[in-house]
Amino acid sequence: MSAIATPLAREPVLSLRGVNKRFGAVQALTDVHIDVAAGEVVALVGDNGAGKSTLVKVIAGVYQPDSGDIRFSGINVTVGGPGEAQALGIATVFQDLALCDNLDVVANLFLGREDLAGGLLNEVKMEKEAWRLLRTLSAKIPSVRIPIAALSGGQRQTVAIARSLVGDPKVVMLDEPTAALGVAQTAEVLNMIERLREHGLGVILISHNMADVQAVADRIVVLRLGRNAAEFRVEEATTDQLVAAITGASDNVVAARAERRRTDGAEAQLEEGNSDG
Amino acid sequence: MADTEQTHTVADDLADERLIRVQGLSGLVHMTWNRLRSGELGSLPVVVGLVVISILFYAMEPRFLSSRSLVSITQFAAPIGIIALGIVLVLLLGQIDLSVGSVSGLAAAGMAVLVVRHGYSELVGIMAALTVGLLIGAVYAVLHNRLGVPSFVFSLAGLLGFQGLLLYVLGRQGTINLPSGSFLVEFTRFKFVTGLTSYVLVLAVVAVFLATQLWGIRTRTRAGLSAPGQGAVLIKVGLLAVGLLVLTWYVNLDRGWSYLWLFFVFLVVVMDLLLRRTRWGRHVFAVGGNEEAARRSGVKVGRIYFTVFASCSMLAAVGGLLAAGLQTSVSQASGTTDTNLTAIAAAVIGGTSLFGGRGSAYSAMLGIIVLQAIQSGLNMVGVDSSVRFMVTGGVLLLAVAIDSVSRRARSSSGRG
Ligand SMILES: Nc1ncnc2c1ncn2[C@@H]1O[C@H](COP(=O)(O)OP(=O)(O)OP(=O)(O)O)[C@@H](O)[C@H]1O
Ligand SMILES: [Mg+2]
């Protein structure tokens, strides 16, 4: 408990400093920094196009940053490719899932980390392990031997999440993992995130759902237009503050809506009071 | 409590209540029918096609199904079949190699020049030919991986370039005859497995197949997963045994199975094993299905392209060497356009998708048998080769149409 209360007192397992990434004319990330400690859940929030997925892909080795330092377990590293990220112990659920439609569930779960017995694929062991992983997520998947193309959007997302648990990751990054999930599956994913934290893993969670973020995160990092906009400890942050940081103004469209609601409600009460009198 | 008791008796992979249970033979038939309807055709169209072709030619010319004819069909199908095996690999990645014919001709010419004109041993000639194949594949991989040139373009360049190189290597005379005692000629033309050896071979194959099936069932049940029933497996093995024994008896009426054909079948079986049971094969399918997903999963995509292009060109070289042995010579016509297109057509006709990520090593075998059967059938009925080209074109078109239609059926029934 006390460990969670002081997450930054410990050496972060993953630490980025001054990361820049540019796509043609778009500066997607400008001087971004982020830290994740072991046993800590960091929520990464921001508007559409804020650069969240780009940051995740830089950490996952999909994109190379133009400049900036990545430290993993206290050592400066360059993540040259997704294989290297995996070897370091960084597992990622990408927003666009990145599954192979023509392969079955088992093949997708273990792609790049196949279990071998005597040089051949150990299908039985992988299938067994696949069922175990899927059960921990309460996955509703009829068979692990059907191609991914035959699954629903939420089932695919569950498979993508289960993928991140294969192997022995130290940091798990989830880019909008619950966007397509049902109520029960969303709860399971949130439970899973808490279990990952208990097991001492660092978690980066991207979500547009503030309730989910506030339910599981220890710290919230806000990106706006590719820059660090704000950082909150979850107990300190109110939803209004978060929204203000995300949109970059206190008189933003979300606050205006809430305000309108409140005044509408007050007027209605006033009228009620008037008719009473 | 009673509930949990019950789920324990059900295998892990059958626990979902929406799974339609397969019960008995009628269930199996039903499931197969559903698979077919949803576009999972596999090798069914080509098998049906082969039966139709056989009946047609048999009606016109009963010699078509004689044991002599079967022996030579299989023998002459093998070299291009081996080239088609390489094409299957390239197609699995969603790529194409148009130059396999030229590469096969060039490799054979290189071997012939070294052996006949310069007096090197045949082993050196063969190694040189394989090296040529490997180098060409490596260059293709670099063009693809580093420069991003589409395979259609660089292999088209290869088609022309290597054909030119073939002419250059052969020089003025244009034809080189292989010496009569040559290993390649002996191996491809005069070696047959017949008599007791052939039956022992069949029994060994059946025994290995049975053993792997039973072992598979055992490991699955031990791990608490569902497994096919012993009965179904025994029926399958029985059918295989009877089929192979009858065929062997029939070809033994003539010369028996040619070494050349058995070598091809061996390559197909090994390739099938590599594709379905090894990490490399899994990665080939993954890259063919979704390259970006494969890359993000840590698959070394560049290496997969390298191994596939290199294997394809090397198999083309092997096919070229064997074709040269079978014709006892290398000429300016070796591995021309005909070879290219026949090899590609065979892979597609056999059921490997042009769209990548779907297919099997066996499609090279099935496809080349169909094409070779058409060729020798038309020869027997005494039709001109112009007709053969047209018929082959028609069959290819039909195969691609079936591929496209079944792809559409798959996407509408959720089988990708
Ligand atoms: N491959 C790319 N090529 C060019 N521009 C890109 C690429 N990927 C992202 N961008 C740009 O970078 C910016 C950040 O995109 P990113 O996907 O990181 O946003 P995000 O915060 O994940 O948004 P969302 O909430 O919609 O997922 C956007 O302006 C986008 O247009
Ligand atoms: Mg995103």
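Listed values, structure above:
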quantity: Sequence of A:Phe110, A:Phe72 once ranked by neighbouring C-beta atoms within 10 Å, starting from the fewest; calculated: A:Phe72, A:Phe110
quantity: Lysines whose Cα lies under 27 Å from that of B:Lys236, excluding same-chain neighbours fewer than 8 positions away; calculated: A:Lys125, A:Lys128
quantity: C-alpha center-to-center spacing [region B:215-287, region B:171-210] in angstrom; calculated: 21
quantity: Helix B:24-37 vs. chain B, principal-axis angle (Cα, 0 to 90°, nearest 10); calculated: 60
quantity: Computed [θ] at 222 nm, deg cm²/dmol, chain A (DSSP H ≥ 4; -39,500 (n - 2.57); rounded to nearest 500); calculated: -11500 deg cm²/dmol
quantity: Residues B:Leu147 and B:Leu201, FRET efficiency given R0 of 45 Å [Cβ-Cβ distance, rounded to 0.05]; calculated: 0.45
quantity: Relative contact order, percent, chain B [alpha-carbon distance under 8 Å, six or more residues apart]; calculated: 34
quantity: Fewest-first sequence of A:Ile204, A:Ile75 by Cβ atoms within 10 Å of each Cβ; calculated: A:Ile75, A:Ile204
quantity: Inter-centroid distance (Cα atoms) of region B:108-146 relative to region B:292-331, Å; calculated: 13
quantity: Shielding of A:110-121 by partner chains, average beta-carbon count, 10 Å; calculated: 5
quantity: Global form of region B:194-304, assessed from the alpha-carbon gyration tensor, a/c cut-off 1.5; calculated: oblate
quantity: For B:Leu50, B:Leu156, order by how many other beta-carbon atoms lie within 10 Å, fewest first; calculated: B:Leu156, B:Leu50
quantity: Fraction of beta bridges assigned by DSSP in chain A that are antiparallel (%, nearest 5); calculated: 60
quantity: GNM result for chain A, Cα springs below 10 Å: residue of A:Asp35, A:Asp104, A:Asp96 fluctuating most strongly; calculated: A:Asp96
quantity: Residue-averaged [θ]222 nm for chain B, counting only DSSP H segments that reach four residues, each worth -39500 (n - 2.57); calculated: -24500 deg cm²/dmol
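Just so you know, all these numbers are worked out from the coordinates, no wet-lab data involved. Please read all numbers here as calculations on a predicted model, not as lab measurements. We place every Cβ from the backbone using ideal geometry, glycine too, and count neighbours over all the protein chains shown.
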